[in-house]
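K.L.:
This structure is in structure tokens; I'll ask about it shortly.
The values are calculated or read from the model by the stated rules, or taken from the named source; none is laboratory data. Just so it is clear, the structure is predicted and the values come from calculations on it, not from any experiment. With ideal geometry, Cβ positions are generated from the backbone for all residues, glycine too; neighbour counts draw on all protein chains shown. The accessibility values were calculated without ligands, DNA or RNA, using every heavy atom of the protein model including side chains. Shrake-Rupley method; radii C 1.70, N 1.55, O 1.52, S 1.80 Å.
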Amino acid sequence: MLARTESGCQDALWKRELAAAITRPEELLDELGLDRCLLPAARAAAKRFNLLVPRDFAALMEPGDPDDPLLRQVLPLAAELCDHPGFSNDPVGDGDALQTPGLLRKYRGRALLVVTGACAIHCRYCFRRHFAYDEGSAMHDRAEGALERLARDRSVSEVILSGGDPLTLDDAALAALVGKLTAIGHLRRLRLHTRLPIVLPSRVTDELCRLLATSRLKPIVVVQANHARELSPASRHALARLRAADVVLLCQSVLLKGVNDSADRLADLSEALFESGVLPYYLHLLDRVSGAAHFDLGMGVASRLVALLRSRLPGYLVPRLVREVAGRPCKDPVEQNAGDRSAAPETPLV
Ligand SMILES: *Cc1c(COP(=O)(O)O)cnc(C)c1O
Ligand code: SF4
């Protein structure tokens with residue numbers, strides 16, 4: 001009984017922390033002692049994609065520094081309101097890859113389930129910031145349709161839970177979903193794409209670890225972190241618990257101007273990840289989503305940064321530099337000597 005009470009407490013804790021996350025721009029600015037002159041722009045940009053940041057994550061930011069790399073990921077800016085050619089609302093072709101509501105199918109053997117539109121943090125560069133999650137229709141009905149489709153398609157061996165952030169579902173909802181996936185005989189691996197072990201580490205409950213450890217499906221958790229400072233002691237502890245549950249841990253990052261656009265910062269991130277038992281997987285070029293152009297770096301800069309990284313770190317600590325091009329059979333590797341992005345086609349090569 002004690003264990004049950006304890007797991008109930010853990011569940012209550014992360015939900016409380018999530019409910020208490022900062023949503024008002026003025027609160028974030030005041031918390032960090034930042035000038036209120038940033039407020040009008042923050043309010044205007046937050047109307048398009050609202051501000052959301054867990055308090056413990058905000059506490060990792062440097063007070064008084066408007067350029068703090070963690071702050072830049074969450075603070076709405078006036079730059080988001082400008083339109084740029086080549087930046088659109090659906091830069092990676094999610095609309096076309098939708099097989100049935102909630103199920104994205106782009107690559108052989110893998111299918112991606114959009115299990116929720118909710119996140120614990122709103123990343124300003126998010127490629128799904130305009131995605132029509134259709135939150136009005138019951139997620140439950142959509143999930144049923146997607147599960148039926150998965151069950152019929154024997155070519156899928158790996159299912160990816162994504163969103164939004166799948167770990168905003170609670171343990172009971174996840175257990176129900178994982179139970180249904182486990183019953184689909186041809187599935188072998190269960191992958192979660194989540195930022196919560198980084199931005200809301202209390203979400204990694206004993207119950208979650210137990211669920212992943214006892215599933216027939218081999219569990220993989222791909223976290224997202226963009227800067228070494230995001231790996232707080234609490235986050236490291238959460239990752240260690242997942243590792244203890246035999247979960248394979250990988251990280252994907254997005255290359256972002258003003259956040260991680262130097263070889264030093266990228267190397268620090270890889271080292272910090274490794275210390276937490278996480279291997280860097282992908283370094284994504286920014287998806288060209290409207291409102292995020294101020295984070296963009298050319299492909300030439302990106303490949304030079306990764307070349308520098310390669311000359312400093314063991315190969316397993318160098319993430320694969322990729323970009324997503326709609327219609328391609330995989331995430332596209334960006335070659336070291338790729339030309340500058342200005343020379344690249346504006347429209348996808350299909
Ligand atoms: C990125 C993505 C995947 C996963 O690709 P991997 O190269 O296996 O990490 C799968 N499905 C969709 C729709 C994706 O966007
Ligand atoms: S956690 Fe992921 S899905 Fe959610 S806002 Fe950030 S990048 Fe987008």
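K.L.:
Amide H to amide H under 5 Å from residue 192: which residues, 5+ apart in sequence or cross-chain, H placed 1.01 Å off N in plane?
P.N.:
Hits under the 5 Å cutoff: 161, 220, 221, 222.
K.L.:
Amide H of residue 325 versus every other amide H placed in the peptide plane: which residues, excluding those fewer than 5 positions away on the same chain, fall under 5 Å?
P.N.:
332
K.L.:
Sticking with this one: For residue 144 paired with residue 312, estimate the spin-label separation in nm (one decimal), with each label point 7 Å from Cα along the Cα-to-Cβ line.
P.N.:
5.3
K.L.:
Could I ask something else about it? If you roll a 1.4 Å probe over the heavy atoms of the protein chains, what accessible area per residue do you get for the chain, in Å²?
P.N.:
44
K.L.:
Follow-up. Let me check I've understood the local charge: for residue 322, count other residues with C-beta under 9 angstrom from its C-beta, Lys and Arg +1, Asp and Glu -1. What total comes out? Mind dumping the intermediate values first?
P.N.:
Details: positive: 320, 323, 331; negative: 324, 332.
In short, +1.
K.L.:
Just the number, please: carbon plus sulfur as a percent of the accessible area of segment 41-140, 1.4 Å probe, no ligands or DNA/RNA counted. Intermediate values should be presented prior to the final figure.
P.N.:
Numbers: 2340 of 4480 Å².
The nonpolar share, carbon plus sulfur, comes to 52 percent.
K.L.:
For the chain, set up a Gaussian network in which alpha carbons nearer than 10 Å are linked by springs, and say which option among 213, 238, 20 fluctuates the most.
P.N.:
20
K.L.:
Looking at the chain as a GNM with Cα springs under 10 Å, which of 227, 84, 122 has the largest mean-square fluctuation?
P.N.:
The residue that fluctuates most here is 84.
K.L.:
Using each residue's phi in segment 258-272, evaluate 6.51 cos²θ - 1.76 cosθ + 1.60 at θ = phi - 60° and report the 3J(HN,Hα) Karplus result to the nearest Hz, with x for Gly and Pro.
P.N.:
Taking θ as phi minus 60°, the curve returns x, 10, 9, 8, 8, 4, 4, 5, 5, 5, 4, 4, 4, 5, 5 Hz for segment 258-272.
K.L.:
Turning to a different aspect of this structure: With θ set to phi - 60°, apply the Karplus curve 6.51 cos²θ - 1.76 cosθ + 1.60 along segment 228-234 and write out the HN-Hα couplings as whole Hz, x wherever there is a Gly or Pro.
P.N.:
4, 5, 5, 7, 6, x, 5
K.L.:
For segment 44-104, what is the Kirkwood hydrodynamic radius in Å, using each pair of distinct C-alpha atoms? Spell out each step's value before the answer.
P.N.:
On the way: mean 1/r = 0.0692 Å⁻¹.
Roughly 14.5 Å, rounded to one decimal.
K.L.:
Considering amide H positions built from the backbone, and no H for Pro or chain starts, which residues 5 or more places from residue 89, or on another chain, come under 5 Å of its amide H?
P.N.:
Amide H to amide H, under 5 Å and 5 or more residues apart or across chains, residue 89 pairs with 290.
K.L.:
Further question: With no solvent and one point per C-alpha, what does the Debye sum give as log10 I(q)/I(0) for the chain at q = 0.10 Å⁻¹?
P.N.:
-0.61
K.L.:
What aspartates and glutamates does residue 106 reach when the alpha-carbon gap must be under 12 Å and sequence neighbours fewer than 8 apart in one chain are set aside?
P.N.:
Cross-link targets: 94, 96, 324.
K.L.:
What length, rounded to one decimal in nm, is gained on full extension from residue 88 through to residue 173, with 0.36 nm per residue of separation minus their alpha-carbon distance?
P.N.:
Difference between extended and current length: 27.3 nm.
K.L.:
Also, I was wondering about something else. Mind checking which of 125, 282, 107 has the largest fluctuation in a GNM of the chain, springs on alpha carbons under 10 Å?
P.N.:
107
K.L.:
Tell me, what ³J(HN,Hα) does each residue in segment 235-247 have, in order and in whole Hz, if you take phi through Karplus 6.51 cos²θ - 1.76 cosθ + 1.60 with θ = phi - 60° and put x for Gly and Pro?
P.N.:
These are the phi-based 3J(HN,Hα) values: 5, 4, 5, 4, 5, 5, 5, 5, 4, 5, 8, 6, 8 Hz.
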